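Asker: Provided herewith is a single structure, encoded as structure tokens, for subsequent inquiry.
Every number here is computed from the coordinates shown, using simple stated rules; none is lab data. Given the structure is predicted, the values throughout are model-derived calculations rather than measurements. Cβ placement follows ideal geometry from the backbone for every residue including glycine, while neighbour counts extend to all protein chains displayed.
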Amino acid sequence: MRAFVTGHWQLILLTAIVFALWRTPAMVPLKILIVFLHELSHAIAVLFTGGEIVDFSINQNQGGAVWSRGGNRFIALTSGYLGSLLIGVGLLIAAMRTNADRMIMAALGAAMLLITLLYIRTPFAMSFTVAMGSAMLILAWKFGHAVNDLLLRVIGLSSMFYVPYDIISDTILRSQLRSDARMLAEEFGGATIMWGMIWLIISIGVIGLCLRYGLGRNSNIPLPQWTRSHT
């Protein structure tokens, strides 16, 4: 346990800070970004199973929706929580294990702008995704590896740990909500809570595997790297 804390104290500190500030206004942009990743996962699943995106929306109340035609409905509904979980895990591991942080941040920003151009039409969603996507491109262009690494870790950790919390809140404690699990139950059978429990077990398993095998011995960023890039 001591070795884990020593090797990953920065991740532990980041997680503690995010949880401490989670209900404050400072976390609202991050929460809406996580909603975007959830809806993006739906959209990717629809497109990869041969469907078409009609509309893509997020709102200031930290909600969102994807309207689509065609594609595999089961995969599309299942992909929201589990897809955003995998995105979070992927961003976290990529930040820790590669030096491509600036490229990843730029790609994420470009993806937000592309989604906006192709599918988003509501004023708030357009404003948020353009602002966030542009900010990510500026971060990738003007700031160095360590700054982009830190921010990707924050996004990855938040998206990863938010998934089981959101599943419990939306599909188990408030199973009457019109959630992905509720629609899955209506269209494919079973109960909302059943699908929520299945997703919860999978998400906890994936997070456990990430913590067990994905972090390595030491994930800390060497502190002297905290400098701004002028390239």
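Asker: Please give the per residue volume of the convex hull enclosing the alpha carbon atoms of region 1-64, rounded to a whole number of Å³. Present the calculation step by step, with values, prior to reporting the outcome.
Answerer: Numbers: hull volume 6.8 nm³, N = 64.
Output value, Cα hull per residue: 107 Å³.
Asker: With only Lys, Arg, Asp and Glu charged, each at its Cβ (+1 for the first two, -1 for the last two), find how big the charge dipole of region 68-187 is about the Cα centre; round to the nearest 20 debye.
Answerer: Working: 10 positive and 7 negative charges, 42 e Å.
Here the size comes out at about 200 debye.
Asker: Separate question: At R0 = 22 Å, how high is the FRET efficiency between A107 and L47 if r is their beta carbon distance? Nearest 0.05 is fine.
Answerer: For A107 and L47, the calculated efficiency is 0.85.
Asker: While we're looking at this one, here's another question. Between F74 and L114, take the C-beta separation as r, use R0 = 25 Å, and let me know the FRET efficiency to the nearest 0.05.
Answerer: Numbers: r = 26 Å, r/R0 = 1.05.
Once the sixth-power term is evaluated, E becomes 0.40.
Asker: Using a/c under 1.5 as the rounded threshold, could you call region 123-231 rounded, prolate or oblate? The axes a ≥ b ≥ c are square roots of the C-alpha gyration tensor eigenvalues, and prolate needs a/b larger than b/c, oblate otherwise. Walk me through the numbers on the way to the answer.
Answerer: Numbers: a/c = 4.23, a/b = 1.70, b/c = 2.49.
Judged from the Cα gyration tensor, region 123-231 comes out oblate (a/c at least 1.5, b/c at or above a/b).
Asker: In whole Å, what are the extents of region 68-160 along the principal axes defined by its C-alpha atoms, from largest to smallest?
Answerer: Principal extents (Cα only, largest first): 41, 28, 17 Å.
Asker: Please compute the contact order of region 114-231 in relative form: average sequence separation of alpha-carbon pairs under 8 Å and at least six residues apart, divided by the residue count, as a percent. Write down the numbers at each step before the final one.
Answerer: On the way: 63 pairs, mean separation 34.9, N = 118.
Across region 114-231, relative contact order equals 30 percent.
Asker: Something else about it: Binning at 10 angstrom from zero up to the longest distance, how are the C-alpha pair distances of region 12-130 distributed in percent?
Answerer: Result returned by the calculation: 13, 40, 37, 10, 0.
Asker: On alpha carbon coordinates alone, what is the Rg over Rh value for region 126-179, Rh being the Kirkwood radius? Walk me through the numbers before you get to the answer.
Answerer: On the way: Rg = 15.9 Å, Rh = 13.5 Å.
Reported Rg/Rh (Cα atoms, Kirkwood Rh): 1.18.
Asker: Express in nm, to one decimal, how much length is gained between L13 and L211 on full extension, taking 0.36 nm for each residue of separation and deducting their alpha carbon distance. All intermediate terms of the calculation are to be shown ahead of the outcome.
Answerer: On the way: separation 198, 0.36 × 198 = 71.28 nm, distance 1.50 nm.
Contour length minus Cα-Cα distance gives 69.8 nm.
Asker: Now a separate question. Which values of log₁₀ I(q)/I(0), to two decimal places, follow from the Debye formula for the chain at q = 0.13, 0.16 Å⁻¹ with a uniform point scatterer at every Cα?
Answerer: Log-scaled intensity ratios, in q order: -0.81, -1.20.
Asker: Under a point spin-label approximation (7 Å from Cα along Cα-to-Cβ), what is the S127-N99 distance to one decimal in nm?
Answerer: Simple spin-label model gives 4.1 nm for this pair.
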